[in-house]
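The values are calculated or read from the model by the stated rules, or taken from the named source; none is laboratory data. This one's a predicted model, so the numbers in the text were calculated from it and none came from an experiment. Cβ placement follows ideal geometry from the backbone for every residue including glycine, while neighbour counts extend to all protein chains displayed.
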Amino acid sequence: MFVDQTDLLKQLRIGREQRDEGAARPRWPWVAAAVIALGVVLAGVAWVLHGTGGVAVEIATAEAPAAGSVSGAVLQATGYVTARRKATVSAQITGRLTEVHIEEGEHVAQGQLLARLDDAQAKAALDLARAQLASAQAAVGQSRAQDVLARQTLVRQRELVARGLTPRQSYDQARSGADAADAALLGAERQVQVARAQLDEARVNFDYTFVRAPFAGVIVDKAAQVGEIVSPFSAGGGFTRTGVATIVDMNSLEVDVDVNEAYIARIRPDQPAEAVLDAYPDWKIPAHVIAIVPTADKSKATVKVRVALESKDPRILPDMGVRVSFLEQAPKAGFASPKGALVPATALVRREGSAAVFVVTGDRARLTPVTAGPSYGDLRLVTSGLAVGARVVAKPPSDLADGARVKAVTAPE
């Protein structure tokens, strides 16, 4: 049986449609896999950039309100305890410390000896000044004796000239000698005055080797030890101390607060106030406004206000944080602190028609429903739903979600 080979070859040939279909079939699964892998990579990068770092937010701490909040508080502001009398005591001359008699926390009286410098040179100068004074006083005695002799000689020559027994020239010489003796005596007396002044100077320099307290207070810093060089001038290099100790007069403690200039009109001198230390949130300290410092900080838009603490207590320490409530009138006995916590007014948001705050737990912000109370300046009282000491987002972004990861940032000045 004869078979045409040409027909067999035509049957084995692959058509164009079959070639296109066979080539396209294995290609599209690979393209899809590449797109999925790219999406996974991008999602991972987004999670690294945003998930791990979190949303940058400013965090504030809910604080206990002062009793003044229910007794006519017109404003609340934060500040620090400061000392009006604070001095770093140094020696008035350069020298090496041989004695240091104080430690941190020690109470000292005015004029009390704090330290001593090496006084060998000052003591030698003092002894020299005393010797010079003694020498000048001896010279005065000698000059006085010569002056007496010159006066007696002048009297004798006057009598002899009157009798004609001595020429006039001898009398003139005697009078000149008496005048010279008077001048010598005056010069010697002036030398005594100079020697006394030099002795006083030597005593002052010797007294400079004693470092004494300028006022009564508490030692808050001991800056030098025995053997170190102290000087009233900075010598550079870190080997010369410019101070021996820092003293604070605890009776001069007061509070400096920065009040937003938009609310400064609510403050007046002698206005009653109450202060609450951050360290003792349940302790209300009576206070009043001393003065409004007549200058503003343009970088922070604030004005400094000085507040006097009417109660002195060892618990009050310099640089402690404090919140001051400025009152319309002095609080009456029996007024208690309002219940709740104070937070920045900007921390409250509206969610589903109710007030809420974002409480920061770890690195997550949890939306927490609260009950909002009255406002006190830039603060808002939360009467329920929030504990004192809780950390909240001070200015939550509008798109911040419940459970979002956050990171704290410093508030702008």
Reported set for the range 252-278 where residues are among the small types (Gly, Ala, Ser) and touching a strand residue (DSSP E or B) at 6+ places or on another chain (Cβ under 8 Å) is 252, 273, 275
Quick one: which strands (runs of 3 or more DSSP E) lie wholly within the range 313-413 and hold at least 1 residues that are surrounded by 19 or more Cβ atoms within 10 Å (Cβ to Cβ) and either touching a strand residue (DSSP E or B) at 6+ places or on another chain (Cβ under 7 Å) or modelled with pLDDT of 90 or more (or both)?
321-327, 341-344, 354-361, 364-369, 371-376, 379-384, 391-393, 404-409
Identify, please: which residue in the range 91-104 is assigned to a loop (DSSP other than H, G, I, E, B) and surrounded by fewer than 19 Cβ atoms within 10 Å (Cβ to Cβ) and is, among those, nearest to the chain's Cα centre (by Cα)?
104
Please pick out the residue among 225, 198, 193, 271 that is free of Cβ contacts under 8 Å to residues at least 40 places away in the same chain and more than 22 Å from the chain's Cα centre (by Cα).
193
Filter result for the condition that a residue is surrounded by 15 or more Cβ atoms within 10 Å (Cβ to Cβ), in contact (Cβ under 8 Å) with a residue 12 or more places away in the chain and over 30 Å from residue 208 (Cβ atoms), over 149, 154, 133:
154
Would you mind telling me which numbered condition in (1) surrounded by fewer than 17 Cβ atoms within 10 Å (Cβ to Cβ); (2) more than 30 Å from residue 214 (Cα to Cα); (3) modelled with pLDDT under 90; (4) of a type in the set (Ser, Thr, Tyr) residue 295 fails?
(3)
Going by the structure shown, is residue 142 within 30 Å of residue 87 (Cα to Cα) and either touching a residue at least 24 places away in the same chain (Cβ under 8 Å) or assigned to a helix (DSSP H, G or I) (or both)?
no
Taking the range 301-312 and keeping only residues that are under 18 Å from the mean Cα position of the chain (by Cα) and modelled with pLDDT under 90, one is left with none
